[in-house]
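Visitor: Before we start, here is the structure in question, set down as structure tokens.
The values are calculated or read from the model by the stated rules, or taken from the named source; none is laboratory data. This is a predicted model, so every value here is computed, not measured. Cβ coordinates were reconstructed from backbone atoms using ideal geometry, including for glycine residues, and neighbour counts include every protein chain displayed. Calculation scope for accessible area: heavy atoms of the full protein, side chains included, ligands and nucleic acids excluded. Shrake-Rupley method; radii C 1.70, N 1.55, O 1.52, S 1.80 Å.
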Amino acid sequence: MRGTPEVITAPGVGGVGDSPPRPDGTLKVTGEFAYASDLWIDGMLWGATLRSPHPRARIVSIDTTEALAQPGVHAVLTHEDVPGRRHYGLDHTWDQPVLAIGEVRHQGEPIALVAADHPETARRALARIAIEWEVLEPLTDARRAAFDPSYPQVQERPNPARHQPVRVGDVEAARRLAEVVVSGTFEVGIQDQAFLGPESGLAVPAEDGGVDLYVATQWMHNDLKQIGPCLGLTEEKIRMTLSGVGGAFGGREDLSMQIHAAMLAMRTGRPVKMVYDRRESFFGHVHRHPAEMRYEYGALSTGEILYADVEILLDGGAYTSATLNVVGNAASLGVGPYEIPNVSIDAYGVYTNNPPCGAMRGFGAVQACFAYESMMDKLAAACGIDPVEIRQINAASQGTRLATGQVLWAPLPMAEMLEQARTLPLPAPLDATDIRNLPGGASQTTHGEGVRRGVGYGVGLKNICFSEGYDDYSTARVSLEVIGGEATALVHTAAAEVGQGLVTVEAQIARTELGIERVVIHPADNQVGDAGSSSASRQTYMTGGAVKAACEAVRERLFERLDHDDLALAGGKIVSASAGVIASIEEVLGDDVIEETREYHHEPTTGMDKESGQGDSHTQLALCVHRAVVDVDVELGLVKVVELAAVQDVGRIINRLSLEGQIHGGSAQGLGLAVMEEIVVRDGVVRNPSFTDYLIPTIQDMPPMRLEILENADPRAPYGLRGAGEPPTLSSTPAIVAAIRDATGLALTRVPVRPEHITGR
Amino acid sequence: MDFLRPTTWEEALAAKADQPEAVPIQGGTDVMVEINFDVRRPVALLDLNQVRELHDVELVDGVQRVGAGVPYVRVIEELGGALPGLAQASRTVGSPQIRNRASVGGNLGAASPAGDSHPPLLAGDAVIEVESRDRGVRLIPAADFYLGVKRSALEPDELIRAFRMKPAEGPQYFSKVGTRNAMVIAVCSFAVALHPSERRVGTGIGSAAPTPRRALEAEAFMAAELDWDARLDPAVLKRFGELCAQAASPIDDVRGTADYRRHALAVMARRTLTWAWNDYRKARAA
Ligand SMILES: Cc1cc2nc3c(=O)[nH]c(=O)nc-3n(C[C@H](O)[C@H](O)[C@H](O)COP(=O)(O)OP(=O)(O)OC[C@H]3O[C@@H](n4cnc5c(N)ncnc54)[C@H](O)[C@@H]3O)c2cc1C
């Protein structure tokens, strides 16, 4: 067997606050890292998936006989072969068929599976599955889905999937007092996670009738809760191991090939590997919800906002996926980090036959942030106030009541952060002698003609960890023993290292808490308790918190062996505050193994009231401020982002290198949404499912960044840290668009901004 | 699938004549992508990488003859002086990895309307040299080479040997619009070449019609109206842009709208001509 994860024996060096390089870094750069697509076991079969070409159609009949008769084909399965429950879904919605049952509701919906000796044989067999279709008009109008009761239903669950109002004060009364009123309708296109490692995994049938699954996923235990019932297996019969994950960004929260590969393995009695190609990957995972957002703000002429009247419409596609939570975030963070006394927000998530949407970095908050930050700029212009100043006038701070009534208990120095962003030195003026500095770069669309510079700001507020009353926790098992004469800690969690550098952070925490050098990391699997998802910027907080708690428990057990009450661990020694060094850890431990498992739960949250949206629905909120500087070729509509500066408060820097990587990456993803990334859909059909036409930023598009990282501790969080992965994804998009507006004078109400939006044709 | 590996040009021509359905492969940056995406399943691949002649760059009777297998990286490094328009276009192709492998011959073989080498080949009056074992060499002017979307004048038993182009006697420019700043297929592109001895302006339009094409009316207009001894008349410049835009027949697609393409072509035509004209005047003044 190849490509399965091994114990990581050298996960960097140093403790909390150091910046050890990552164990996977060199391997990834040199192409040696084993991703899930590299999994291999002798005798394995290859699985392939037949997917719907239609966004909405009835399946009159499926005939698999010819496919099954192909030499080398071992199984052809349809929904009739699903051993257990025939639907799965996040958040107990169970609304997504494992394989289509009588109808399809989006392009790319899985219909049938093939296992064959060779991937090519499997693909060819797919073409021999005969389906008789009754093609129906796709339901693609999100607005009608939300508001028109006569619009046909997409699936059994009725529209809207969720409507979440937020009500504060009296908007009608405030409207009468407003001296300045601005309004706008904003749109966000469908963004894709565009992770580079496509969905892949290996299912190996086990002798106990269960299955061993090796997959690239974000949250094994939540996968299991869906896989088990669908396969008709109890959870103990499914052994799941995380394989090399090539990026996730939310796109692996939903199941992809897990149940399919397991079904094929259980049917054939052979290991089955599945790997999507790039095109299939675009249909194999959910995307970011497209949004249409109508905003109206009223203010005094001094810039103080009196009210916000907001409607946010999110198109979730055919199945629920993460839509319920996306709506919750959009509603609770609909006006962002601003103090607004009167608020009316209505956020809707709907079912349509458009591509399915779910979790993606910053979900719900990203869409709203583009709208509310655009509104702040509009208001600034209408009041004749500087854009930074208008944000400072209305800025939230510690003690502010958000629209949900939740009070910001932790420091939130937003006005100061804005000031910091504003006073950072600006990049040098354009040097047009090198075309690579110009919009269009080496493509030489200008030598400087038509190029105008603009500056813009964006601020985003993101909830960290799970919200709305979810009992969010993570589990870590830490054991300490002497190996080869040296005290060694083994850290075992189910938390998914998806490329963010979690294993390095886990080891840093163990070193700090246990005062030792040698830490090894067990492969993530389900032989230890749930760690929750690698999403919501939560793993350093939650799994970091669990590792810390487990280490503390191990430490306590070690100290119990000694007769002192003022002990600490440092440099491999047990040190008493009064008596100095007492012994080495090795001496005290001897041949024993101390093992402790701990769950870490964050401060509980509450739900949002169904009518008013009120509640302490978030456990932590994190802020990022961006300043973007762009050069725009106003005649051709091409944009070069010259610089992105970010000011972010992370509470405590655990690993600066990884942290900066998160801020760079989040900003780049926000840049992509601002100027290029969109899944283009017509009549429910995706028109660009490839990296030829779904463009993500290259190194020529992503500018150097200036980072200012603040450490205002959150007293509730481990080490005072704040989740950091998502906030920059929120604020970079509106900052860039604001800068383009500044350069062009255009309104620009939709992202991604396309050249024709700037040129007007 | 057969994998044919001729080591000489003669062997390659013989292989193609014997098995016309064999698909030539040079850099493979189009062919392998198509195979990977299952767009085609050739019965045979004809690997041209061993054929030394296809890597030759030579000056024959004052004309550059560039082997079909010469990768873009060499066009950039070796031909920037003689064929500046093509070198600029080569600089915009894909990424360094692609430019190391991919060739102008492959671009011609693929004959995509979006291929970046086509506009400078058109503007610079390139001639494509093709050959078959049984019928010998044909010299096809670039303007006659492109027949339709991904269709060329190449016959099934023929291979592309080289392209021929006079070293630039005047300034040349290439410009390409894409929605990111590198690694992008052209939304539309434009090339201009001044031919001072003939008092002619050559043009090439990419990605804005079923084939790459010249803006013939614009060229005729310039032949009639351009005063080669004066500053560029803004009215002439404007008209040139309009005529270049009119020469296109673009479509709306996922990369851009037809209207935008026409607009962008006019802008690129004006800008590239202005750059070329300024260079030309500067050179004359010197
Ligand atoms: C990531 C990526 C980015 C790209 N970016 C660009 C871009 O920016 N601009 C652009 O124009 N193209 C781009 N391409 C497409 C491709 O690189 C070019 O078309 C390139 O010129 C092809 O050259 P090649 O040598 O690789 O051709 P191959 O793939 O080897 O061949 C291409 C075609 O030409 C035929 N052929 C090759 N040699 C001969 C010959 N001597 N005689 C007859 N037929 C022949 C082949 O049969 C095939 O049909 C890109 C491709 C990739 C994968």
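Visitor: May I ask you to work out the translational diffusion coefficient for segment B:125-177 at 20 °C, viscosity 1.002 mPa s, via Stokes-Einstein with Rh from the Kirkwood sum over Cα pairs, reported in whole µm²/s?
Guide: The diffusion coefficient I find is 170 µm²/s.
Visitor: Follow-up. Need one value: the accessible area of A:Phe282 in square angstrom, 1.4 angstrom probe, rounded to the nearest 10.
Guide: Counting only protein heavy atoms, A:Phe282 exposes about 10 Å² to solvent.
Visitor: For segment A:431-471, just the Cα set please: Rg and Dmax, both in angstrom.
Guide: Considering segment A:431-471 through its Cα atoms, Rg and Dmax are 20.5, 58 Å.
Visitor: Between the DSSP loop rule and a limit of at most 14 other Cβ atoms within 10 Å, which GluC sites (Glu not before Pro) in segment B:107-208 are left?
Guide: Of the GluC sites (Glu not before Pro), the ones in loops of segment B:107-208 whose Cβ has at most 14 other Cβ atoms within 10 Å are B:Glu169.
Visitor: Largest first and in whole Å, what are the equivalent-ellipsoid semi-axes of segment A:1-136 based on the Cα gyration tensor, each being the root of 5 times an eigenvalue? Write out the running numbers ahead of the final one.
Guide: Working: eigenvalues 306, 90, 34 Å².
Value: 39, 21, 13 Å, ordered largest first.
Visitor: Express the relative contact order of chain A as a whole percentage, based on alpha carbon pairs under 8 Å and six or more residues apart in sequence.
Guide: 16 percent
Visitor: A follow-up question, please. List the residues of segment A:443-484 that lose 40 Å² or more of accessible area once all protein chains are present, compared with their chain alone (1.4 Å probe, heavy atoms only, no ligands or nucleic acids).
Guide: Those are A:Ser443, A:Gln444, A:Thr445, A:His447, A:Glu449, which lose 40 Å² or more relative to the chain on its own.
Visitor: So how long is each side of chain A along the principal axes, counting just the alpha-carbon atoms, biggest first, in Å?
Guide: 81, 74, 58
Visitor: Got a number for the accessible area of A:His118? Probe 1.4 Å, square angstrom, nearest 10.
Guide: Near enough 100 Å² of accessible area.
Visitor: Give me Rg/Rg_expected for segment A:675-761, where Rg uses Cα atoms only and Rg_expected = 2.2 N^0.38 Å with N residues.
Guide: 1.47
Visitor: At q = 0.14, 0.20, 0.28, 0.31 Å⁻¹, what is the base-10 log of I(q)/I(0) for segment A:29-84 according to the Debye formula with one equal point scatterer per Cα and no solvent? Please give it to two decimals.
Guide: -0.66, -0.99, -1.29, -1.34
Visitor: Hey, got the dipole for chain A? About the Cα centre, +1 on K and R Cβ, -1 on D and E Cβ, debye to the nearest 20?
Guide: I would put it at about 1400 debye.
Visitor: Protein chains only, probe 1.4 Å: how do A:Glu643, A:Glu132, A:Glu611, A:Glu486 rank by accessible area, largest first?
Guide: If we order A:Glu643, A:Glu132, A:Glu611, A:Glu486 from most to least accessible, we get A:Glu611, A:Glu132, A:Glu486, A:Glu643.
Visitor: What shape does segment A:130-221 have by the C-alpha gyration tensor, where a ≥ b ≥ c are the square roots of the eigenvalues, rounded means a/c under 1.5, and otherwise prolate means a/b greater than b/c and oblate the rest?
Guide: prolate
Visitor: If you average 1/r over all unlike Cα pairs in segment A:238-344 and invert the result, what Kirkwood radius do you get in angstrom?
Guide: Final number for the Kirkwood radius of segment A:238-344 is 17.8 Å.
Visitor: As a test question: what accessible area, to the nearest 10 Å², does B:Asp233 have when a 1.4 Å probe is rolled over all protein chains in place?
Guide: Here the residue's solvent-accessible area equals roughly 70 Å².
Visitor: Given labels modelled 7 Å from the Cα in the Cβ direction, how far is it in nm from A:Asp609 to A:Ser690?
Guide: For A:Asp609 paired with A:Ser690, the spin-label model returns 5.4 nm.
Visitor: So what is the calculated 222 nm ellipticity per residue for chain B, using -39500 (n - 2.57) for each DSSP H run with n of 4 or more, over all residues, to the nearest 500 deg cm²/dmol? Before the final figure, lay out the partial values.
Guide: On the way: 11 runs with 107 residues, N = 286.
Helix-only estimate at 222 nm: -11000 deg cm²/dmol.
Visitor: Hey, another quick one. For A:Ser183, A:Ser374, write out the residues from largest to smallest accessible area, computed with a 1.4 angstrom probe and no ligands counted.
Guide: Result of the area sort, largest leading: A:Ser183, A:Ser374.
Visitor: At 7 Å along the Cα-to-beta-carbon direction for both A:Thr26 and A:Thr698, put a label point, then send me their distance in nm to one decimal.
Guide: 3.0 nm
Visitor: Using the Karplus curve 6.51 cos²θ - 1.76 cosθ + 1.60 with θ = phi - 60°, work out ³J(HN,Hα) for each residue of segment B:28-40 in order, rounded to whole Hz, and write x for Gly and Pro.
Guide: Here the 3J(HN,Hα) series is x, 6, 9, 4, 5, 5, 5, 5, 4, 7, 6, 6, 9 Hz.
Visitor: For segment B:57-171, treating each Cα as an identical point scatterer without solvent, what Debye log10 I(q)/I(0) comes out at q = 0.11 1/Å?
Guide: Taking Cα atoms of segment B:57-171 as identical point scatterers yields -0.31.
Visitor: May I ask for the accessible area buried between chains A and B, both sides summed, probe 1.4 Å, to the nearest 100 Å²?
Guide: It comes to approximately 3100 Å² buried between A and B.
Visitor: Any idea how far the Cα center of segment A:129-171 sits from the one of segment A:468-535, in Å?
Guide: 42 Å
Visitor: Another question about this same structure. Among B:Thr7, A:Leu558, A:Gly189, whose Cα lies farthest out toward the positive end of the dipole of the protein assembly as shown, if unit charges sit on the beta carbon of Lys, Arg (+1) and Asp, Glu (-1)?
Guide: With unit charges placed on the Cβ atoms, the residue in question is B:Thr7.
Visitor: Using the alpha carbon gyration tensor of segment B:172-285, what are the three equivalent-ellipsoid semi-axes (square root of 5 times each eigenvalue), largest first, in whole Å? The partial results should precede the final answer.
Guide: Values: eigenvalues 129, 42, 25 Å².
One finds semi-axes of 25, 14, 11 Å for segment B:172-285.
Visitor: On C-alpha positions alone, give me the angle between the axis of helix B:234-247 and the longest principal axis of chain B, in degrees, nearest 10.
Guide: Around 30 degrees separate the two axes.
Visitor: Take the Cβ-Cβ distance between B:Ala44 and A:Asp63 as r, set R0 to 30 Å, and report the resulting FRET efficiency rounded to the nearest 0.05.
Guide: The formula returns an efficiency of 0.30 here.
Visitor: Here is a further query. Quantify, in whole percent, the carbon and sulfur part of the accessible surface of segment B:172-285 (1.4 Å probe; protein heavy atoms only). Before the final figure, lay out the partial values.
Guide: Values: 2170 of 4250 Å².
Carbon and sulfur together cover 51 percent of it.
Visitor: Rounding to the nearest 10 and keeping the result within 0 to 90°, find how far the Cα-based axis of helix B:216-225 lies from the longest principal axis of chain B.
Guide: 40 degrees
Visitor: Let me ask something else. What value, in deg cm²/dmol to 500, does the helix sum -39500 (n - 2.57) over DSSP H runs of n ≥ 4 give at 222 nm once divided by the residues of chain A?
Guide: Taken over chain A, the calculation gives -7500 deg cm²/dmol.
Visitor: With r as the distance between the Cβ atoms of B:Glu10 and A:Gln70 and R0 = 51 Å, compute the FRET efficiency 1/(1 + (r/R0)^6) and round to 0.05.
Guide: On the way: r = 42 Å, r/R0 = 0.83.
Approximately 0.75, to the nearest 0.05.
Visitor: Leaving out ligands, DNA and RNA, and with a 1.4 Å probe, what % of the accessible surface on chain A is carbon or sulfur?
Guide: 49 percent
Visitor: Only Lys, Arg, Asp and Glu count, each charged at its Cβ (+1, +1, -1, -1), so figure out the dipole size of segment A:52-101 about its Cα centre, rounded to 20 debye.
Guide: It comes to approximately 140 debye.
Visitor: For B:Lys150, A:Lys28, write out the residues from largest to smallest accessible area, computed with a 1.4 angstrom probe and no ligands counted.
Guide: B:Lys150, A:Lys28
Visitor: Right, next: Can you tell me the Rg and the Dmax, both Å, for the Cα atoms in segment A:478-611?
Guide: 16.7, 63
Visitor: At 0.36 nm per residue, minus the direct Cα-Cα distance, what do A:His118 and A:Ala428 gain on full extension? Give it in nm, one decimal, please.
Guide: The A:His118-A:Ala428 span can extend by a further 106.0 nm.
Visitor: Treat each spin label as a single point 7 Å out from the Cα along the C-beta direction, and report the A:Gln420 to B:Glu53 distance in nm.
Guide: 6.8 nm
Visitor: What share of Cα pairs, in percent, lie more than 16 angstrom apart in segment B:154-225?
Guide: In whole percent, the long-distance tail amounts to 63.
Visitor: While we're here: With charges set only on the Cβ (+1 for Lys and Arg, -1 for Asp and Glu), what does the dipole of segment B:172-285 come to about its Cα centre, in debye to the nearest 20?
Guide: Numbers: 17 positive and 12 negative charges, 71 e Å.
It comes to approximately 340 debye.
Visitor: Pick out, in residue order, every one of the trypsin sites (Lys or Arg not before Pro) in segment B:57-145 that is DSSP loop and has at most 13 other C-beta atoms within 10 Å; say none if there are none.
Guide: Here the sparse-neighbourhood loop sites are B:Arg135.
Visitor: Now for a separate question. Using a 1.4 Å probe, what is the accessible area per residue for chain B, in Å²?
Guide: 41 Å²
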